[in-house]
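Below is one structure, written out as structure tokens, with a few remarks after it.
What follows draws every value from the coordinates through simple rules; no lab data is involved. Bear in mind the structure is a predicted one, so any value in this text is a computation, not a measurement. Cβ coordinates were reconstructed from backbone atoms using ideal geometry, including for glycine residues, and neighbour counts include every protein chain displayed.
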Amino acid sequence: MSMYFIKPGLQTSIQDLGRYGQMHNGISISGAMDPIALKKANWLLNKKLDSAVIEITLIGPTIRFESDMLIAICGANFELSLNNKAIFNDQIIHVCSGDILMFGKLLSGSRAYMSYSLSSNLPKVLGSFSTHLTANFGGFFGRQFKAGDKLFLHTGENKNAAYRTISEQYQINYSRSYLLRCVSSVESELFSDVQKTSFLNKKYTVSKNSNRMGIRLSDIAMKFISPINIVSSGLTQGSIQITPSGHAIISSVDGQTIGGYPRIANVISADLPILGQLKAKDKINFLFVSHQKAQQIFIEQNKILNTLFEEPEFQIS
């Protein structure tokens, strides 16, 4: 039982919710860039929300299934077909041995997540199935899939999952223009009021050089009267660093664990999944909120998701 990758896509890899507790060893969390989409795909198949899935980025794969199974695809919207017949996100899809799944044109977003009812034979590395593409470990031999690869599978517990769909109220529209809410960071006070006002008033453009390490923003550089020098310290996903050239980088899941550029702000937890759906030429604005407001937004987001994941074992902690 396996999936055979006829075409691998641009960057197709195994991801789960990441490996925690290793940043002091210089190992970033990694995992899905859009954890909400991952959880939705797993929920559709009645799997644990943190189960490993296939993350598909910008250009999708062509896959031949070599066993009957169920799949579910959430996140970015591609033109999808199974044996040349159109299929769609946010529902359970029955596939049979010999069926061919094709990801066509990307319609919106950047990353899709495909859950599957069978289980893989891959081992966990440091407590996670996630592929760390920069350091080349975890997932499928530490790398993205290549043409001719086979992902071997065995019977899972969820092959007979009840039919489910995700209703429109829980679906996200990827508009190519986003407002990212952020809170003050450890070096925010080192920036002048003029610099912080400039930061908020700009509309940024996502650079083509963005990746799982960081989202680089193309824009008119922030001006400095004198450079801000700091001691290197820990970075988390969503840290917005300003480089000496005055440009912004948002740290992401495969990003370095420490850095020496000052952080003007941090993207709030509730908005981090948006980073996984950004692509070149998308537009971004930032809005400062209080830490209390950020916590309230996160709680409200989880309440909405828990309405979808209504089974007690699927509640988000």
Ranked by GNM mean-square fluctuation in the chain (Cα springs under 10 Å), the top entry among Asn306, Asn229, Asn211 is Asn229
Going from the fewest other Cβ atoms within 10 Å to the most, one would list Val183, Val289 as Val289, Val183
When the chain is treated as a Gaussian network with springs between alpha carbons less than 10 Å apart, the largest mean-square fluctuation among Leu58, Leu101, Leu287 is found at Leu287
Placing each pseudo-label 7 Å from Cα in the direction of the beta carbon, Ala221 and Ile304 end up separated by a distance in nanometres of 3.8 nm
The chain: antiparallel bridges as % of DSSP beta bridges, rounded to 5, reads 90 percent
For the chain, averaging the sequence separation of alpha carbon pairs under 8 Å that lie six or more residues apart and dividing by its residue count, the contact order in percent is 20 percent
In Å, the Kirkwood hydrodynamic radius from C-alpha pairs for the chain sits at 20.3 Å
Taking every DSSP bridge whose two residues both lie in the range 177-308, the antiparallel percent to the nearest 5 is 75 percent
If the chain between Val289 and Leu179 were fully extended at 0.36 nm per residue, the gain over the current Cα-Cα distance would be 38.4 nm
Length-normalised contact order of the range 177-308, Cα under 8 Å, at least 6 apart, in percent, tallies to 38 percent
Stretched fully, the stretch from Val231 through His154 gains (0.36 nm per residue minus C-alpha distance, one decimal, in nm) 22.8 nm
Protection proxy (average C-beta count within 10 Å per residue), highest first, orders 170-179, 108-117 as 108-117, 170-179
The chain: longest segment with zero exposed GluC sites (Glu not before Pro), where exposed means DSSP loop plus at most 15 other C-beta atoms within 10 Å, is residues 1-156
About its Cα centre, the chain carries a charge dipole, from +1 on Lys and Arg Cβ atoms and -1 on Asp and Glu Cβ atoms, whose size in debye to the nearest 20 is 760 debye
Fewest-first ordering of His247, His154, His24, His132 by Cβ atoms within 10 Å yields His24, His154, His247, His132
Magnitude of the Cβ-charge dipole (Lys and Arg +1, Asp and Glu -1) of the range 177-308 about the Cα centre, nearest 20 debye, reported as 400 debye
Checked against a 29 Å limit on the C-alpha separation, the offending pairs among Lys48/Lys208; Lys85/Lys283; Lys48/Lys303; Lys7/Lys281; Lys7/Lys85 are Lys48/Lys208; Lys85/Lys283
With +1 at each Lys and Arg Cβ and -1 at each Asp and Glu Cβ, the charge dipole magnitude of the range 43-161 around its Cα centre, to the nearest 20 debye, comes out at 200 debye
With x for Gly and Pro, the residue-by-residue ³J(HN,Hα) of the range 212-229, computed from phi through the Karplus equation 6.51 cos²θ - 1.76 cosθ + 1.60 at θ = phi - 60° and given in whole Hz, is 5, 7, x, 9, 8, 10, 8, 5, 5, 5, 5, 8, 10, 6, 9, x, 9, 9
With the dipole of the chain defined by +1 on each Lys or Arg Cβ and -1 on each Asp or Glu Cβ, the option from Tyr170, Gly139, Gly9 whose Cα lies farthest towards the positive pole is Gly9
Among Ser130, Ile63, Ser117, the residue whose Cα sits farthest towards the positive end of the charge dipole of the range 2-170, when +1 is placed on the Cβ of each Lys and Arg and -1 on the Cβ of each Asp and Glu, is Ser130
Across Pro35, Pro227, Pro273, the residue with the highest GNM fluctuation in the chain (Cα network, 10 Å cutoff) is Pro227
Phi angles of the range 112-123, converted by Karplus (6.51 cos²θ - 1.76 cosθ + 1.60, θ = phi - 60°) into ³J(HN,Hα) in whole Hz with x for Gly and Pro, give 10, 10, 10, 8, 9, 6, 7, 9, 8, 9, 6, x
Counting Lys and Arg as +1 and Asp and Glu as -1 over every other residue whose Cβ sits under 12 Å from the Cβ of Ser218, the net charge comes to +4
